Amino acid sequence: MIYLDYAATSPILPEAKKAMLDVLDNFPGNASALHTPGHRAHEIIETARADIARLIGAQPHEIIFTSGGSESNNTVTNIFAGQSVAVSAIEHASVLESARARCNCIEIPVNKYGEIKDSFFESIKRNSYENSAASEPCNDRCERASSRKNLSLISIMLANNELGTIQDIKHLAKLAHQYGALFHTDATQALGKIPINVKDLDVDYTTISAHKIGGPVGIGALYVKDGTPFTPLIIGGHQEHGKRAGTYATANIAGFGAAAKYAYKHNTPKLYAEKIAPLRDELASRILKEIPFSNINGSLSKRFSSRTLAPPAVAGALRFARARKRECPLEKHLDNLPNILNVSFEAAEGESIQLYLDAKADIAISTGSACAAGDGKPSHVIMATTNDAEVAHSSIRFSLGLDTTKQDIDEVMKILPDIINNLQQISTIKMKGAK
Amino acid sequence: MTTKQESQDWVYSAKVKEHFLNPRNFLMGDESKFTHDTEGIVGNPICGDQMKMFLKIKDDKITDIKWKTYGCASAIASTSALSQLAKGKTLDEALKITAKDIDDYLGNLPKHKFHCSVLGHEALEAAIKNYRDQKDH
């Protein structure tokens with residue numbers, strides 16, 4: 001199997017597995033107990049906490065263990081229940097939907113690359129200080145702009161899971177603080193892929209998860225800056241200094257700690273930049289060059305020329321030449337994760353592409369298309385960036401891991417052009433520019 | 001490059017997989033390549049699924065059938081299955097094909113995929129209606 005769905009979940013690292021087996025084999029007690037087995041569990045947990053804190057530049061006591069990224073995100077929106085919060089339109093559902101359910105939720109629009117624009121903050125300023133009437137249209141889910149008065153929290157993800165688009169969080173957090181709001185960032189996808197320092201970013205809350213960096217599923221953490229308001233989501237125990245009740249999942253925590261230690265020790269962001277980003281770029285260049293009517297979505301598309309309606313061979317060659325000119329793996333300003341490529345193919349539906357790759361070549365990728373998710377709705381992320389349901393239904397995501405090789409990319413490109421061509425040929429939709 | 005052998009590992013039934021990987025009666029490329037007496041289209045790419053049926057009809061009987069689909073794996077498989085079910089049938093017989101017939105033929109689609117097979121059936125209905133409307137005028 002060629003696994004290119006690391007952003008969904010990643011295989012467990014041998015180091016993390018060993019740490020977990022050590023815990024399971026040696027039965028540590030309940031970490032809250034005072035006896036020796038309990039104390040041993042406590043030691044394991046605090047070591048892991050320190051390793052995780054170090055990876056993001058936090059103090060260990062600022063790390064709260066949760067059951068995963070979704071719980072961490074829910075914990076944050078719950079703190080601000082009933083208050084006005086602003087979240088980006090491309091947040092993970094655990095931010096977006098929980099904020100809609102609990103708070104007066106304003107959605108922050110993004111541009112076609114998935115980036116937040118400063119103009120949003122200017123509108124908050126206008127509305128919160130001058131208390132002017134609503135001037136912008138709102139959809140049914142969000143409150144009128146006047147509710148931006150007394151905005152308590154702004155939540156913007158560090159890197160988007162579908163597009164890989166990275167936000168300038170340091171800048172956005174600064175703006176949020178200027179307008180009197182606290183700032184949360186969901187760093188689940190960014191962890192281990194790019195350097196993260198919560199103190200440098202100056203954020204108040206940060207969500208992270210173990211299984212995206214080779215740790216186990218079912219464990220995550222929330223960074224809560226010292227002195228920041230907090231209300232527990234799960235109540236009924238003194239664990240985590242009363243911030244999260246429930247018996248410690250010692251084995252999972254040990255696995256998370258080991259994965260964090262691995263990421264720190266091996267400087268995985270550097271490995272991704274040097275080894276994986278060039279492979280991802282090669283896949284992107286080859287798709288644009290070899291597959292007619294293909295388009296890159298998100299911030300990565302900036303690096304490749306926009307598609308023209310010239311004959312594919314000519315356009316492909318031009319694009320390839322331009323792409324090669326920019327062959328620089330370490331950019332000054334990172335605007336997309338090194339391991340994610342979101343691409344759409346005109347007239348070819350995402351789930352069909354995914355399942356042909358799976359059935360014919362044992363290649364695992366992901367799609368945000370409606371059919372795959374089963375909810376009848378196209379990806380809210382692609383809708384927010386393109387406002388084009390056809391693009392959303394026709395997009396797929398490749399996400400690479402540190403084990404991805406050039407051979408994997410070659411195998412994909414052996415079969416993908418034929419799959420796309422077949423789907424385009426039997427499609428009811430005519431490709432734009434097609435005769 | 002190997003194809004998975006164990007169909008039970010796959011997300012849909014063996015029959016769905018088989019029709020998805022080897023669809024019957026599809027129309028490749030230019031529609032004008034297939035001379036047909038009527039066509040019907042249903043669905044919308046905005047919703048994620050669209051199907052188009054092309055029929056050749058003689059003496060009120062479907063002598064040949066081709067289709068195009070933009071959609072997911074079960075949409076492709078169900079349109080393929082429908083084309084098999086409808087081929088050779090009289091128009092009245094073809095109109096009696098229900099979504100359940102397609103579902104039974106494919107060995108049950110997941111519930112959330114059921115709308116796909118209903119869609120193919122509607123495209124066939126639309127094509128037959130178009131044909132009858134043309135004849136009436």
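Residues of the stretch A:177-197 that are surrounded by 24 or more Cβ atoms within 10 Å (Cβ to Cβ) and among the β-branched types (Val, Ile, Thr): A:THR185, A:THR188, A:ILE196. Looking at A:LYS325, A:LYS302, A:LYS377, A:LYS332, just one residue is at pLDDT below 55, basic (Lys, Arg) and under 24 Å from the mean Cα position of the chain (by Cα), and that residue is A:LYS332. Of all residues assigned to the stretch A:141-153, at least one qualifies as being of a type outside the set (A, V, I, L, M, F, W, C), modelled with pLDDT of 95 or more and farther than 24 Å from A:ALA260 by Cα.
Conditions tested, residue by residue: (1) part of a helix (DSSP H, G or I); (2) among the acidic types (Asp, Glu); (3) assigned by TED's automatic domain parsing to the domain that holds A:GLN189.
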position	(1), (2), (3)
A:THR385	yes, no, no
A:GLU390	yes, yes, no
A:PHE398	no, no, no
A:GLN407	yes, no, no
A:ASP410	yes, yes, no
A:ASN421	yes, no, no
A:LYS432	no, no, no
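You will find that of A:VAL87, A:VAL76, the residue that is assigned to a strand (DSSP E or B), under 30 Å from A:ALA176 (Cβ atoms) and not small (Gly, Ala, Ser) is A:VAL87 and no other. Taking the stretch B:96-121 as the range and being among the hydrophobic types (A, V, I, L, M, F, W, C), within 14 Å of another protein chain (Cβ to nearest Cβ) and under 19 Å from B:MET53 (Cα atoms) as the test, the residues that pass are B:PHE114, B:CYS116, B:VAL118, B:LEU119. Selection over the stretch B:103-116 of residues that are part of a helix (DSSP H, G or I) and more than 11 Å from B:GLY71 (Cβ to Cβ) gives a count of 7. Only one residue in A:ALA221, A:ALA190 is at pLDDT 95 or above and outside any loop (DSSP other than H, G, I, E, B). Which one? Only one candidate qualifies: A:ALA221. For A:ASP358, the test of being within 10 Å of another protein chain (Cβ to nearest Cβ) and modelled with pLDDT of 65 or more is passed. Taken over the stretch A:202-229, the criterion of being crowded, with 19+ Cβ neighbours inside 10 Å and over 20 Å from A:LEU172 (Cα atoms) is satisfied by A:SER209, A:ALA210, A:HIS211, A:LYS212, A:ILE213, A:GLY214, A:GLY215, A:PRO216, A:ILE219, A:GLY220, A:ALA221. Going by what's in this entry, would B:ALA86 be described as among the small types (Gly, Ala, Ser), at pLDDT below 95 and within 11 Å of the chain's Cα centre (by Cα)? It is false that B:ALA86 is among the small types (Gly, Ala, Ser), at pLDDT below 95 and within 11 Å of the chain's Cα centre (by Cα). Entry remark, the stretch A:231-243: residues being outside any helix (DSSP H, G or I) and buried (at least 17 other Cβ atoms within 10 Å of the Cβ) number 4 in total.
Of the listed requirements (1) in a loop (DSSP other than H, G, I, E, B); (2) within 30 Å of A:PRO378 (Cβ to Cβ), A:SER32 misses just one: (2). Of all the residues in the stretch A:108-125, those that are under 26 Å from A:THR231 (Cβ atoms) and either in the same structural domain as A:ASN336 (by TED's automatic domain parsing) or modelled with pLDDT of 95 or more (or both) number 1.
I'm checking my understanding of the structure. Among residues of the stretch A:166-176 that are of a type in the set (D, E, K, R) and in a helix (DSSP H, G or I), which one is surrounded by the most Cβ atoms within 10 Å (Cβ to Cβ)?
A:LYS174
The values are calculated or read from the model by the stated rules, or taken from the named source; none is laboratory data. Fair warning: this is a prediction, and the values are worked out from it, not measured in the lab. Reconstructed Cβ throughout: ideal geometry from the backbone, glycine too, with neighbour counts over all protein chains shown.
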